[in-house]
1. Checking the condition of a type outside the set (Ser, Thr, Tyr) and over 23 Å from Glu157 (Cβ atoms), which residue from Leu258, Leu277 passes?
2. Surrounded by 16 or more Cβ atoms within 10 Å (Cβ to Cβ) and of a type outside the set (Phe, Trp, Tyr): does that describe Asp408?
3. Has the stretch 374-383 got at least one residue that is touching a residue at least 60 places away in the same chain (Cβ under 8 Å), in a loop (DSSP other than H, G, I, E, B) and either over 29 Å from the mean Cα position of the chain (by Cα) or surrounded by 17 or more Cβ atoms within 10 Å (Cβ to Cβ) (or both)?
4. Need the failing condition index for Glu509 against (1) under 29 Å from Ser149 (Cα atoms); (2) out of contact with any helix residue (DSSP H, G or I) (no Cβ under 8 Å at 6 or more places or on another chain), just the number.
5. Kindly establish whether Arg526 is outside the structural domain of Ala705 (by TED's automatic domain parsing), of a type in the set (Lys, Arg) and either closer than 29 Å to Glu497 by Cβ or in a loop (DSSP other than H, G, I, E, B) (or both).
6. Might you check whether a residue that is of a type in the set (D, E, K, R), within 30 Å of Asp489 (Cα to Cα) and either in contact with a Lys or Arg (Cβ under 8 Å, 6 or more places away or on another chain) or assigned by TED's automatic domain parsing to the domain that holds Asn490 (or both) occurs anywhere in the stretch 150-163?
7. May I ask you to list the residues in the stretch 169-186 that are of a type outside the set (D, E, K, R), assigned to a helix (DSSP H, G or I) and within 19 Å of the chain's Cα centre (by Cα)?
8. So which helices (runs of 4 or more DSSP H) are wholly in the stretch 582-691 and hold at least 2 residues that are closer than 16 Å to His349 by Cβ and outside the structural domain of Gly389 (by TED's automatic domain parsing)?
Amino acid sequence: MKHLKLSFDRALSRGTKWQLLIIGGIIIVSILLSYVLLSLSGDWTQFCDDHKINKFMLPIYLLIDQNLFNEIYLGGYDAEMKEIVGYSRKLALASGITFLFGVVFFNGAIIAILSDFIKRRVDNYQNGVTRYLKSGHHVIMGYDDVVPSIISQILKEKPNADILLLSSVPAVEIHEKLRESVARKSLANIVVNYGHRTSNEYYKDIHLEAAEQIFIAGDRSKPQHDAINVECVESICNYLASKSSHTIKRITCMFEDLDTYASFRTTDIFSAITCKLNIEFVPYNFYVSWARCVFVNRSYIGKADQKQHPYPALCRHQIEKEDDNEHFVHLVFVGMSNFAVTFANEAAHLLHFPNGKKKHTLITFIDLKADKEMPVFVTRNHHFFEIQGYSYMDYTQSDRLIIAKPYDPSIFSGEDANFLDVDFEFIKGDVFTPEVQNLIYEWAKDEKQSLSVFIAMSNQRDNFALAMNMPDAVYNNNVPVFVRQDSSDNFITLLQEADSKAPRKGDPEYRTYEDGQLHVKPTHGRYDHIFPFGMNDTSFVADEKVIMRAKLANYLYGTMSNSKFQSLTELAVQSSATILKEANNLWKGLTVAEKWSNMYYAYSLDYKLLALRAIRHLNMDDTTHDSDALSEKESEIIGKIEHNRWNVEKLLMGYRKPKEEEDLYGKPDEVKSLLKNNKNIFIHAQIRPFDKLSEDMQKVDKEFAKYIPWICNFNSNSQLCEKQ
């Protein structure tokens, strides 16, 4: 008996199919019982004839119709005889038993099971076990604070897209988080399913092979996040390899660790995805994404208002003169958190300008643990510091004396060293002490530097307190202050807007009286140059425009003939479709490192436009002449800037400058051909000062600068990024 009960309960809990089978069994048993009882009563067919009821339907009617039972029990009225005609007691008894059975079992069981069926449907939806989407959907695996911004980006590109979110987090919790985030208006497009991202058993349920693209998010708060995401990519690869076909165009995978992310820029770890399965693999890092919001896109989408909030340019008019050895761009990072380290690396990739050889872009770290964090940073980028020196200062000594120590390049010297146009310095000190505050004050007063301050400490309270209480010179000189915020940007944004709109008489001015003269400088409100960054759910930005530009840049190099690019005239007569097709084909043949090299060039184009505007004495945001052809002088300046940028890019990506015995420059031709293979193991002979390049290479850099307007103004409505 216990086994029978257990089997029955299991059948009920298995699902709708078993519940319907049980309902069918109850119906059949009830009808058979009714038919048997009526047959034993004797005269039930007479009742059917009198009331013109099909005799095969009477057993069913009795199960569900109380009025019919009353007709049998009470009898019918004979109009001619003017009397009640009753039926046998046997028929009444049989009908009564049938009716009671119908009330208790037939109707009761059906209602109960149907109610349970509805409840189960609701529970399944809330628990994420009901499957709806079968093709053309976008899959997000795992749940993280960045997921709402991924959803926003998907719907920005495709407003009616279906999004399936697969996570082992209870679906009810995810729905609640989505309601609190920027994705709350998009819930109609989102389906949440329960499942583990590393198990291909769940891939079948969500029809993964029929999806359009996949985002592997995971949970960045878990220490094993990156390892599980890599395992997930492998599982997806194996699953898709077992299918005859798939529709997936791109897999975007999140990496929290900076070193893990960096490895995917130089190593073809998932070549099976890009080659055999013809899927584009894109690594993503939260900190890098925010760096590009600040440096490249120069804007972010606000969580509350869903509006675009701009960031200022980090360079100002002082950068335009090639022989200027006084003015420079200076970035100060308070704290050496992941944000600060990532932003500094991205800044080194991008901030290259025409100003002179003696004044480079300067990146400064201020941290109480700078003496411990500095060796880690230097080790991560040791090929850079083999060439370039750096400095260290200690502001924590009890006697208030400043200890300064320069560090020379670790390997190279003389003309082979210190030719990069980015410098680093590390300051050990508490940013709230008078000594460090005075240091920032002096920097802010110095008109020769374009200063920007990034407050990126781990303590949010300290970040905010420092942003609101910087030295007065920071506010008076409109120095941009970027403040790391965990979630909401509301307070800083509202403060900034209110301060910039505060009523004043006339234009606000900062006045000083020195040497018997009045000095007047236009200024703004105290806090209208404070900008939030780093909010968790507003960071994901697609790189479609950058990918397009990268492919076009690679196309120009890939179609070179005898060290000459196609002329702009030749490009003008070709159809966009022809160029796009060839660009995609050339892109597919690149290694991961080569793709990233083109990507970094594409990221830098907006800064080259800033440099051109400065050279042309235009406002930094004046885009009216961006399409103008470059003069020979402009091409030469931009060519030098590009090589300076390229040097830093290669060193930060893991390439190194060749030592004397590895260097092909100055060697006989037969030796050069042998040493060229060193590039395959990330030893690049072109990492050297611009004036030490061969004439042919200098000419290529200068000539390529002329194609910046063509790349930037290529038909942006074209579908170059087919995601492969």
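1. Leu258
2. no
3. The answer is yes, given that some residue of the stretch 374-383 is touching a residue at least 60 places away in the same chain (Cβ under 8 Å), in a loop (DSSP other than H, G, I, E, B) and either over 29 Å from the mean Cα position of the chain (by Cα) or surrounded by 17 or more Cβ atoms within 10 Å (Cβ to Cβ) (or both).
4. (1)
5. yes
6. Checked the stretch 150-163: no residue is of a type in the set (D, E, K, R), within 30 Å of Asp489 (Cα to Cα) and either in contact with a Lys or Arg (Cβ under 8 Å, 6 or more places away or on another chain) or assigned by TED's automatic domain parsing to the domain that holds Asn490 (or both).
7. Ile174, Leu178, Ser186
8. In the stretch 582-691, 592-615, 632-653 are the helices (runs of 4 or more DSSP H) which contain 2 or more residues that are closer than 16 Å to His349 by Cβ and outside the structural domain of Gly389 (by TED's automatic domain parsing).
The values are calculated or read from the model by the stated rules, or taken from the named source; none is laboratory data. Note that the coordinates shown come from a computational prediction; the quantities given were computed from them, not determined experimentally. With ideal geometry, Cβ positions are generated from the backbone for all residues, glycine too; neighbour counts draw on all protein chains shown.
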